[in-house]
Amino acid sequence: MKEDNVLVDVRGLKKHFVKGRDIWGRGTEVLKAVDGVSFQIHKGETFGLVGESGSGKSTVGRCLLRLYDYTDGAVLFDGQDMSALGEKKLKPFRRRIQSIFQDPYSSLNPGMNVLELIGEPMNIHGLYPQAEERKEAIASLLQKVGLKREHLYRYPHEFSGGQRQRISIARALSVRPEFVVCDEPISALDVSVQAQVVNMLEDLQQEFGLTYLFIAHDLSMVRHISDRIGVMYHGRLVEVADSDELYENPLHPYTKALLSSIPVPDPHAVVERIEWQPEEGGVPELKEASPGHFVAFE
Amino acid sequence: MTRRLLTVEDLNVSFETRDGENQAVRGVSLHIDQGETLGIVGESGSGKSVTAKSIMGLIAPPGRMKSGRIEFAGTDLAGLEEKDWRRIRGNRIAMVFQDPMTSLNPVKTIGDHLTEVIRRHRGLGKAEARQEAVRLLREVGITEPERRLRQYPHEFSGGMRQRVMIAMALSCQPELLIADEPTTALDVTIQAQILDLLKQLKDQSNLSVVLITHDLGVVAQVCSRVAVMYGGMVMEEGTVEEIFYRPKHPYTQGLLRSVPQRKSGYRERLVPIEGSPPDLIDPPAGCPFRERCPHAMAKCAQLPPRFEIGPGHRAMCWLNDESVKEELAARPEPQGGAANEGR
Amino acid sequence: MNRTKWRNLKNEWLSNKIGIAASVVLAILVLGAIGAFLSPNDPNALDVLGKLKPPSANHWFGTDEYGRDYFARALYGGRVSLLVGFSAMIVATIVGTVVGVVSGYFGGWLDNLLMRLLEIIMSIPSFLVMLLLSVLLKPGIVTLVIIIGLLMWMNMARIIRAETLAAKEREYVLYAKASGQGAFGIILRHILPGIVPVIIVSATNNIASAILMESSLSFLGFGIQPPNATWGSMLTSAQGHIMDAPYLALLPGALILLTVLCFNILGDILRVGLEPKLVKR
Amino acid sequence: MRQLIVRRLLQTIPLLFFVSIACFALVKLAPGDPVLSFVTPNMHPEDIERIRHHLGLDQPAYMQYLLWLKEMFRGNLGYSLVNHQPVAHQIIERIPATAGLMGSALLLAVLIAIPLGLAAGSQRNRWADKLINLISYIGISIPIFWLAIMLIYLFAIQLHWLPVMGMRTIGKESAMDVIKHGILPCSVLAFSFLSTYVRYIRSGTIGQLKEEYVQIQYAFGSSKRIVLFRHVMKHVLLPIITLLGMSMAELVTGAIVTETVFSWPGIGSLGMTAVKGLDYPVIMGITLLSALLLIIGNLLADILYGFADPRIKTTR
């Protein structure tokens, strides 16, 4: 019996991509997109993953979705190691873990209407085999995400960016997942619409007891939505802490630099900019600085 | 009294599309004084970038400037010959663009880019232009400028390319710099560096800057005056303090409220603006924000005039009309001051 | 496929007068080929007395060196040319699409193998091989179709592979993969529909090239064998009578040019209509 | 860069090997018996067998292939089954005719295509563009042999300006005579190349003019002319390198159809005769040569491209 309520346990995850090959076809240049990352996500919480472009945050998300095979390390979902499973054994996990992607224009197949789009994961996992029943289920999902029944037969191009993202959310929820990987779900949206989508994600989390991995580069939104946050830099986690703790008491100089770079929407706010140059010798291992606050810094 | 540098009056720009005429800019009036930084804020499709391109005379078919007057330092730009335009562009008005990855010609060196502009507008010789280019690169914080001049754009990071663009823009000491989302494509730490650079360069000269952005934080940090655009119109205009502390347009208020607050402990629910922006092909008459506005009333079917609220503070909303104010006074004030809470 | 795309295509086609003209001309040529049997004259009926006659009311295109009605021969010749062009396109499209999609989607060693194979075939001078093959295999329509089709699929495969590689990175494909959709499901439901426009465009251009190839082969005497005619082989015999009956050379060539031109024009209209760059946000 | 070259060169070897096997297999699958071309009606079957043995045709297929391969490494591509001449010799003899014709056609095509393509692309949808576009459409759609016949009819038969066919008038040995013979085939080929190049350059120009950096050049006061010649042209000419690389094989192997129509004594017509006579050493010789040239041409194009395009050049 597991006494803690860890849902996702990432252990020493590494994902390297081969960029260049020599004349014999062996990999010479390796991009270490994720280079030894460990963290845990508890049931019902939102874990935020922040970092700048190229930090490997999206690659971590895709590894959790098992879109890639790992170079090294393991990911345990509900205590079971997913890293070595074949596609067949993976199938139940593919229902329990769902995803929402960044670009509302590329995350929905333009040739499918809403009914087909949301019906696709149901189809794969054999939910609601009866057509009528399925239509009802999808219609009620649409209502949950603030869309209407009459949208069932519309195509993605008839919706705005925010509405498309709602369809993506409905699609992810259609197979009653436990864990949703949200890969920059609001980055492509306008500010006023971002708030709509974030509110909805929060409501749905309450209602269905979902666990989120929320990947983003917008630090203020991440703080708002996340319970705990991990900061990534060059394929490594440099700091993990509760979100308020991280924002009020950042320990790693990179986190400090990142936080001091956020432009504050207040003309009178005075923010002291902190610059940081990475040191030679790479990032050390995470250490617990105070309870629940881990930092990779001497 | 500061000199008025640029005046835009009743600008209308449309784009022919397959589905009809997209009225991207509908009657925008703006001005910018010497030495100030005007922020134009708005969401995608608000017409802010199109306004900037019109000032530069860069609207190309299927786009068309339908009407409006643009006066720059005493000359009317709208009726200018292409040849005279070229003497202004890059020389007296310069522009920095959003995506540094596509804004430089990949098969030309950084030096080619810079010297070409310098030689064209300042008539310098090859060697002099090169020296000038080195000086400019150093000024925008690029180390080893002599070596960097011989490199190609792909050898530069996004932030570095944006510095090159700024160096190009400043190479002829322009009077007006238009920066169209200059930091949107960059990471936050790089964004902060570029904004610092812009502020520093501005402080050193009497340059006027138009900064176009969707990020309220950027505006608050950099600008002295703000114009808020929505649906192809300027909804509200005023000093940065007026706009952030005393917004008078429901759209501005909503925008400020939808930004998450920096508060610990209690997780406050966000206040979004419901609905989505209007379709600018065949847009509804009246106030463009009417459909999403919590204060919408019958009168909003008529396009409100610009109400003068204070010196230089104007808002295009009926709520600022005296008669409407009296009418509403009977009821409790619905709009809260959420925007300046917690500061 | 996306509805807007079809609408764009329709608009593009309707707004383009040349496009409409090309479609009309092609329709007439196809009807002519289908209705060839309605022609009052037998294309293979010899008339020793009436040979090499210039165009007249009875023989619209005149007669050839055996006194055969040239109009009837042109109709039947067009039937073969169009049939070979169309069928070879089908062969090339099927092979090219399968190889391209499989190579692009699965990648790895399979991709490597298929691409090396493709390189080998591409580095063999195709026209020489085509000549050789048509000598070796029994000449006939089916042989011709297979030979031309098999020498044309490589470009298609390359294009489709590149498109598949791009489609594979789209987020809806990633989502389908992450939800447990199988490889064939993803290809059928998400990848193929997205690249149908590219397939159509390149298929249209392939008909044009196939017709040209067939006419060259037949002209050199390696295609359809006498007494049956195609536009290309009609030119072979016409070349010998260029002095006394130049019109014999003019007509079949003009028909080939017209047909190929129309397919090329339609191919370009399809490209513009079906592949507009994604709408900028 | 060097690694790229070495890698591409190494890839060439198996490629050539497979090409030769594929080619050999094709010929062996042939239903025709090459020996029959030596047979005269009054020959004894023993004589036929002797010829067969002499030609090595009685050995198993792989031995025949190895024999041929051995000869090839000695710089000998074998002997023609028809006239018993060394294949290499026959090919080399005909290279000047083909290279001269194809070289001048390619040069002509490039020289005309660049200004036409740039003009069409930068004046999109104006009359000049429409005209150039129409010409290039016709160029890619016209059956080349028909164009040749029509030109022969017009310029040689009707107007008597130019000779009908061949490369030399018998008895005449002047360069002028060869040039006169070459005008028609060269024009026909040049027109066909030109049309393809124009279309590439035109669409490249249109594409580049839409690029963000071009818009930005305008914002810095560039005129359209400066943008076109200083910024766009270099981009647009890059793909031409690749096209020319692919044409390198044709430079030697020639255009079978054109050479046949004009009876131009080049490698194309040699290939044509060989196919008709199932003269497989000749076919294989030509095929291998052209495959080799195609591969070298692509390799050269890649290398040149690498030097011309800084994005490739500077990545080591």
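Strictly over 24 Å apart at the Cα level, which of A:K15/A:K256; D:K210/D:K234; C:K17/D:K130; A:K15/A:K91 would you flag in this model?
Numbers: A:K15/A:K256 27 Å; D:K210/D:K234 15 Å; C:K17/D:K130 13 Å; A:K15/A:K91 22 Å.
As for pairs spanning more than 24 Å Cα to Cα, those are A:K15/A:K256.
Give a residue-ordered list of calculated ³J(HN,Hα) values for segment B:51-63 (Karplus: 6.51 cos²θ - 1.76 cosθ + 1.60, θ = phi - 60°; whole Hz; x for Gly, Pro).
Values per residue, Gly and Pro as x: 4, 4, 5, 5, 4, 7, x, 10, 7, 10, x, x, x Hz.
Could you state the angle between the C-alpha long axis of helix B:126-139 and the longest principal axis of the C-alpha atoms of chain B, as a value from 0 to 90 degrees rounded to the nearest 10?
Between helix and principal axis, roughly 50 degrees.
At a Förster radius of 22 Å, what calculated FRET efficiency corresponds to the Cβ-Cβ distance of D:L10 and D:A99, to the nearest 0.05? Provide the component values of the computation, followed by the final result.
Numbers: r = 28 Å, r/R0 = 1.27.
Efficiency for this residue pair is about 0.20.
Over segment C:3-274, what relative contact order in percent results from Cα pairs under 8 Å that are six or more residues apart? Mind showing how you got there, number by number?
Details: 384 pairs, mean separation 72.3, N = 272.
Relative contact order here is 27 percent.
Ordered by residue, what ³J(HN,Hα) values in Hz, to whole numbers, does segment C:243-256 give under the Karplus form 6.51 cos²θ - 1.76 cosθ + 1.60, where θ = phi - 60° and Gly and Pro are x?
6, 8, 9, x, 4, 4, 7, 5, 5, x, x, 4, 5, 4
For segment B:240-255, which residues drop by 40 square angstrom or more in accessible area between the chain on its own and all protein chains together (1.4 Å probe)?
Going by heavy-atom accessible area, the residues of segment B:240-255 that drop by at least 40 Å² are B:Y245.
If one computes the Cα centroid of segment C:70-92 and of segment A:46-71, what distance in Å separates the two points?
So the separation of the two Cα centres works out to 56 Å.
Quote to one decimal, in nm, the extra length available between B:D76 and B:D33 on full extension: 0.36 nm per residue of separation minus the C-alpha distance between them.
Details: separation 43, 0.36 × 43 = 15.48 nm, distance 1.62 nm.
Roughly 13.9 nm would be gained on extension.
So if we plug the beta-carbon distance of A:Q80 and C:S23 into 1/(1 + (r/R0)^6) with R0 = 51 Å, what FRET efficiency do we get, rounded to 0.05? Display every interim value, and only then the final one.
Numbers: r = 60 Å, r/R0 = 1.17.
For A:Q80 and C:S23, the calculated efficiency is 0.30.
Under a 5 Å amide H to amide H cut-off, with H placed in plane at 1.01 Å, what residues pair with D:Y79 once short-range neighbours are removed?
Excluding prolines and chain starts, which carry no amide H, the hits are D:V87.
Nearest 500 deg cm²/dmol is fine: what mean residue ellipticity at 222 nm does chain A get from its DSSP H runs of n ≥ 4 alone, each adding -39,500 (n - 2.57), divided by its residue count? Before the final figure, lay out the partial values.
Values: 9 runs with 95 residues, N = 298.
My calculation for chain A gives -9500 deg cm²/dmol from helical runs alone.
Would you mind getting me the FRET efficiency between B:T143 and D:H89? Use the beta-carbon distance for r and R0 = 45 Å, nearest 0.05. List each step's numbers first, then the result.
Working: r = 64 Å, r/R0 = 1.43.
After rounding to 0.05, the efficiency reads 0.10.
In whole angstrom, note down how far apart the Cα centers of segment C:117-151 and segment D:178-242 are.
Taking the Cα centre of each part, segment C:117-151 and segment D:178-242 sit 33 Å apart.
Show which aspartates and glutamates lie in cross-link reach of B:K126 when reach means a straight Cα distance below 14 angstrom and same-chain residues fewer than eight apart are skipped.
Result set, ordered by chain and number: B:D112, B:E116.
Given a 1.4 angstrom probe, what's the average accessible area per residue across chain B, in square angstrom? Walk me through the intermediate numbers first.
Numbers: 14410 Å² over 343 residues.
On a per-residue basis, chain B sits at 42 Å².
By a straight-distance test (C-alpha under 16 Å), which aspartates and glutamates pair with A:K287 as possible cross-link partners, with residues fewer than eight away in the same chain excluded?
Candidates past the 8-residue exclusion: A:E239, A:D242, A:E245, A:E298.
Tell me which trypsin sites (Lys or Arg not before Pro) from segment B:71-150 have a DSSP coil assignment and no more than 16 other beta carbons within 10 Å of their own. Show your work: numbers first, answer last.
Values: sites: B:K83, B:R86, B:R87, B:R89, B:R92, B:K108, B:R119, B:R120, B:R122, B:K126, B:R130, B:R135, B:R138, B:R147, B:R148, B:R150; in loops: B:R92, B:K108, B:R150.
Passing sites in segment B:71-150 are B:R150.
Under a 5 Å amide H to amide H cut-off, with H placed in plane at 1.01 Å, what residues pair with A:I100 once short-range neighbours are removed?
A:V181, A:C182, A:D183
Ballpark to the nearest 100 Å², how much total accessible area do D and B bury together, probe 1.4 Å? Mind dumping the intermediate values first?
Working: alone 18240 and 17260 Å², together 33340 Å².
So the buried area, both faces added, is about 2200 Å².
Identify all aspartates and glutamates with a Cα-Cα distance to C:K138 below 16 Å; exclude those on the same chain that are fewer than 8 residues away in sequence.
In chain and number order, the partners are C:E214, D:D33.
Per residue of C:126-136, count partner chain C-beta atoms within 10 Å of its C-beta, then hand back the mean as an integer. Working shown, then result.
Working: counts 0, 9, 12, 6, 2, 7, 12, 4, 1, 7, 9.
Mean partner-chain Cβ count within 10 Å for C:126-136: 6.
List the accessible area buried at the contact between D and C, summed over both sides and calculated with a 1.4 Å probe, in Å² to the nearest 100.
Details: alone 18240 and 15240 Å², together 30060 Å².
So the buried area, both faces added, is about 3400 Å².
Kirkwood-based Rg over Rh for the protein assembly as shown (C-alpha set), two decimals?
Values: Rg = 35.8 Å, Rh = 35.1 Å.
Value, to two decimals: 1.02.
With a cut-off of 8 Å between alpha carbons and a minimum separation of six or more residues, what is the relative contact order of chain D in percent?
Working: 350 pairs, mean separation 82.0, N = 316.
Once normalised by length, the contact order is 26 percent.
Relative to the longest principal axis of chain A, what angle (0 to 90°, nearest 10) does the C-alpha long axis of helix A:114-124 take?
80
For helix D:233-253, what angle does its Cα long axis make with the longest principal axis of chain D, in degrees from 0 to 90 and rounded to 10?
10
Over chain B, what relative contact order in percent results from Cα pairs under 8 Å that are six or more residues apart? Could you put the intermediate results ahead of the total?
On the way: 602 pairs, mean separation 66.5, N = 343.
It comes to 19 percent, rounded to a whole number.
At 7 Å along the Cα-to-beta-carbon direction for both A:K88 and C:L113, put a label point, then send me their distance in nm to one decimal.
About 2.2 nm, to one decimal.
What ³J(HN,Hα) values, in whole Hz, does the Karplus curve 6.51 cos²θ - 1.76 cosθ + 1.60 give for segment C:79-85 when θ = phi - 60°, with x put for Gly and Pro?
4, 5, 4, 5, 4, 5, x
Which of A:H42, A:H268, A:H224 ends up with the largest GNM mean-square fluctuation for chain A, with Cα atoms connected below 10 Å?
A:H268
Rounded to the nearest 500 deg cm²/dmol, what is the calculated helix-only ellipticity per residue at 222 nm for chain B, with -39500 (n - 2.57) per DSSP H run of length n ≥ 4? Before the final figure, lay out each step's value.
Values: 11 runs with 106 residues, N = 343.
Dividing the helical sum by the residues of chain B leaves -9000 deg cm²/dmol.
Give the Cα extents of chain A along the principal axes, in whole Å, largest first.
Largest first, chain A extends 61, 59, 49 Å along its Cα principal axes.
In terms of the Cα gyration tensor, with a ≥ b ≥ c the square roots of its eigenvalues, is segment D:90-275 rounded because a/c is under 1.5, prolate because a/b exceeds b/c, or oblate?
Prolate is the answer for segment D:90-275, as a/c is 1.5 or above and a/b outweighs b/c.
May I ask you to list the residues of segment B:276-317 whose amide nitrogen lies under 16 Å from a point 7 Å from Cα along the Cα→beta-carbon direction of B:A330?
B:297-299
Can you list which of the GluC sites (Glu not before Pro) found in segment B:23-107 are DSSP loop residues with at most 10 other C-beta atoms within 10 Å? Can you show the working numbers first?
Values: sites: B:E36, B:E43, B:E71, B:E81, B:E82; in loops: B:E36, B:E43, B:E81.
Within segment B:23-107, the qualifying GluC sites (Glu not before Pro) (loop, at most 10 other Cβ atoms within 10 Å) are B:E81.
Mind giving me the nanometre distance, one decimal, between the label points for B:E16 and C:Y247, set 7 Å out from Cα along Cα→Cβ?
4.6
Mind listing the long-range amide H neighbours of B:D187? Cut-off is under 5 Å, sequence gap 5 or more, other chains count too, H placed in the peptide plane at 1.01 Å from N.
Under 5 Å from the amide H of B:D187: no residue qualifies.
Using 7 Å Cα-to-Cβ label points, what is the A:E150/D:A308 separation (nm, one decimal)?
5.8
The values are calculated or read from the model by the stated rules, or taken from the named source; none is laboratory data. This is a predicted model, so every value here is computed, not measured. Neighbour counts run over all protein chains shown; Cβ positions are idealised from the backbone, glycine included. Remember, those area values only see protein heavy atoms, side chains included, never the ligands or the DNA or RNA. Shrake-Rupley method; radii C 1.70, N 1.55, O 1.52, S 1.80 Å.
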